[in-house]
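Student: Before I ask anything, here is the structure I am working with.
The values are calculated or read from the model by the stated rules, or taken from the named source; none is laboratory data. Everything numeric in this text was worked out from a predicted model, so none of it was measured. Here Cβ is always computed from backbone atoms with ideal geometry, including for glycine, and neighbour counts include all displayed protein chains.
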Amino acid sequence: MINKKILGLAGLASLGLATTAPLAVVHADTASEIKSKATITFKENTEGENSVLNPNNPINEDGSKNIITPDDSTEATGTTLRIDYASSFNFDNGNKSNKISTSTQKYKATLPTYSGQESPNFVQVTDARSGDAKGWKLSVQQMGQFKNGDSELKGATIIINDGTYASGNESGFDNSTNPETSTHPVTISLHEGTPLMTAKAGQGRGTSLYTMKNVELSVPGSTVKEEGTYTTTLKWTLSDTAVE
């Protein structure tokens, strides 16, 4: 009986008749099966990258980081939680000397130029620690009065009028996790760190820039001034203490 059915189907095929034979569904048994693995291992980058970004546009249109090399670039401190860069302030009116005055004066910090563009002064921090964002605080302290030999600018204060946050992160970061900055003028303290940018737990992962377009040095008219250059040191501190 089986042989007759097989011959019959073969005969129809050889005659080319317009009759379609039903297709048989073949269920093949698995002859062999094996499983392998794909793995990738991460470790914290303890060497740091120290890529300083352009504060005007930290991220290029193609999503890559817009890296610059500032003239006054300093060595980054820290590794996975680090300060990549902090501007130095120049209050010399475009490298010109300021005239001695007996009236209270405010001197604006010169704006640097990066890639042919006038840019704000800025400080850049990176949190590349493993796991969820743990939070941090960026602060700055003036380590003593401006000095020119034995002469001090008594009562002189540095004021940051418009500190602004800028993201140095590529696309895909959640903007709701950005750190917070003060919208009010900030006077840098001589006695303790003055907070500039804070991140609560869950905030601040990646690279953050604190830009400063309007930094002023206020000098009382009553302060005795000598000819020459007065200098002081600013200490920028990034603390890994989460902000409540």
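Student: Against the conditions (1) within 21 Å of THR183 (Cα to Cα); (2) surrounded by 18 or more Cβ atoms within 10 Å (Cβ to Cβ); (3) in contact with a strand residue (DSSP E or B) (Cβ under 6 Å, 6 or more places away or on another chain), where does SER119 fall short? Just the number, please.
Tutor: Going through the list (1) within 21 Å of THR183 (Cα to Cα); (2) surrounded by 18 or more Cβ atoms within 10 Å (Cβ to Cβ); (3) in contact with a strand residue (DSSP E or B) (Cβ under 6 Å, 6 or more places away or on another chain), SER119 breaks only (3).
Student: Let me ask another. With respect to THR241, is the statement that it is among the β-branched types (Val, Ile, Thr) and over 22 Å from ALA109 (Cβ atoms) true?
Tutor: So THR241 fits the description; yes.
Student: How many residues does the range 137-156 hold that are under 21 Å from LYS235 (Cβ atoms) and either buried (at least 16 other Cβ atoms within 10 Å of the Cβ) or free of Cβ contacts under 8 Å to residues at least 40 places away in the same chain (or both)?
Tutor: Residues in the range 137-156 being under 21 Å from LYS235 (Cβ atoms) and either buried (at least 16 other Cβ atoms within 10 Å of the Cβ) or free of Cβ contacts under 8 Å to residues at least 40 places away in the same chain (or both): 11 in total.
Student: In addition: Given the condition surrounded by fewer than 17 Cβ atoms within 10 Å (Cβ to Cβ), under 18 Å from the mean Cα position of the chain (by Cα) and either over 23 Å from PRO220 (Cβ atoms) or of a type in the set (D, E, K, R) (or both), answer yes or no: does some residue in the range 80-88 qualify?
Tutor: Yes, some residue in the range 80-88 is surrounded by fewer than 17 Cβ atoms within 10 Å (Cβ to Cβ), under 18 Å from the mean Cα position of the chain (by Cα) and either over 23 Å from PRO220 (Cβ atoms) or of a type in the set (D, E, K, R) (or both).
Student: Tell me, which strands (runs of 3 or more DSSP E) lie completely within the range 184-244 with 1 or more residues that are in contact with a strand residue (DSSP E or B) (Cβ under 9 Å, 6 or more places away or on another chain) and closer than 20 Å to ASP127 by Cβ?
Tutor: Result: 194-199, 206-212, 234-239.
Student: Output the number of the condition that ILE159 fails; it satisfies all remaining conditions of (1) surrounded by fewer than 19 Cβ atoms within 10 Å (Cβ to Cβ); (2) touching a residue at least 60 places away in the same chain (Cβ under 8 Å); (3) more than 30 Å from GLY63 (Cβ to Cβ); (4) in contact with a strand residue (DSSP E or B) (Cβ under 6 Å, 6 or more places away or on another chain).
Tutor: The number of the failed condition is (2).
Student: Can you spot a residue in the range 139-146 that is modelled with pLDDT of 90 or more, among the aromatic types (Phe, Trp, Tyr) and under 17 Å from the mean Cα position of the chain (by Cα)?
Tutor: no
Student: Just checking, which of THR181, THR207 is within 17 Å of LEU81 (Cβ to Cβ), modelled with pLDDT of 90 or more and buried (at least 17 other Cβ atoms within 10 Å of the Cβ)?
Tutor: Going through THR181, THR207 in turn, the sole match is THR207.
Student: Can you name every residue in the range 109-131 that is over 21 Å from ASP240 (Cα atoms), touching a residue at least 24 places away in the same chain (Cβ under 8 Å) and either part of a loop (DSSP other than H, G, I, E, B) or over 16 Å from the mean Cα position of the chain (by Cα) (or both)?
Tutor: Scanning the range 109-131 gives ALA109, LEU111, PRO112, TYR114, SER115, GLN117, SER119, PRO120.
Student: Something else about it: Between LYS134, LYS106, which is of a type in the set (Lys, Arg), buried (at least 16 other Cβ atoms within 10 Å of the Cβ) and either part of a strand (DSSP E or B) or within 28 Å of the chain's Cα centre (by Cα) (or both)?
Tutor: LYS134
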